[in-house]
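What follows is a single structure, written as structure tokens, with notes after it.
Laboratory data are not the source of any read-out in this text; all were calculated from the coordinates shown. Treat the numbers as computed from the prediction; the structure is a model and nothing was measured. Note: ideal-geometry Cβ built from the backbone for every residue, glycine included; neighbour counts use all protein chains shown.
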Amino acid sequence: MINEWINENYDNIRKWLKNIIKDENPSVQEDLIHDILIAFMEHPSAEQLIEDDEARWFIVRIALNQSRSASSRHYKTYKQNPINEFEDSLYEQEEEDYDLITDNQIETLLNCLDEMYNGNNKERYYVMLILLYSTLGNFSEISRRINIPRTTISKNYKEGIEILKEKYLNTTNRKLEINNKTIKILKTTILKDYGRN
């Protein structure tokens with residue numbers, strides 16, 4: 001019943017939500033819309049809300065909470081540590097002293113990705129998702145390009161990151177912290193290697 005209602009009203013739901021989240025970064029709006037739909041689908045009262053013709057207002061409230069609340073999953077994922085689109089300014093920075101430690105970490109990280117890519121098919125798939133996410137910056141865009149559901153991509157990306165962290169730990173005996181800076185460095189290195197500098 002819930003899936004049927006969402007399928008019938010999907011275009012309208014997107015319009016309602018687009019009006020509410022219009023101030024959000026355009027690159028994450030699709031992810032936010034789908035996160036809101038997932039939250040609605042998982043809510044125990046979803047069917048009753050549909051029957052009572054209250055689903056629209058409930059979805060709108062979820063959107064407002066996700067968009068405005070500092071404790072929401074959306075805020076923690078996209079606003080607390082935002083992932084910016086590719087910027088040429090990354091290459092126009094002033095010269096700094098060479099940082100051997102950072103360079104070694106990047107090299108080790110790329111070697112771990114290479115090792116995963118040369119592993120089994122599942123690890124190769126994880127590497128491709130990590131690289132796609134590093135360059136595109138959001139799961140909805142990847143979903144559109146490779147025609148795999150966004151939630152599946154998100155889940156597999158997280159599994160791939162955990163394997164990457166484990167390989168890094170086994171190689172260096174140090175934990176790898178995947179944060180905005182790590183993704184930005186990885187994105188810059190990948191794009192530079194592929195001639196987009």
Flagged links, alpha-carbon separation over 28 Å, of Lys18/Lys165; Lys22/Lys155; Lys122/Lys175; Lys76/Lys167; Lys76/Lys165
Lys18/Lys165
Dipole magnitude of the range 2-79, debye to nearest 20 (Cβ charges: Lys/Arg +1, Asp/Glu -1, about Cα centre):
600 debye
Evaluate E = 1/(1 + (r/R0)^6) for Thr108 and Glu42, where r is the Cβ-Cβ distance and R0 equals 41 Å; express this FRET efficiency to the nearest 0.05.
0.60
Theoretical FRET efficiency, 1/(1+(r/R0)^6), r = Cβ-Cβ of Arg56 and Glu162, R0 25 Å, to 0.05
0.10
Neighbouring Cβ atoms within 10 Å as the yardstick, rank Thr108, Thr152 fewest first.
Thr152, Thr108
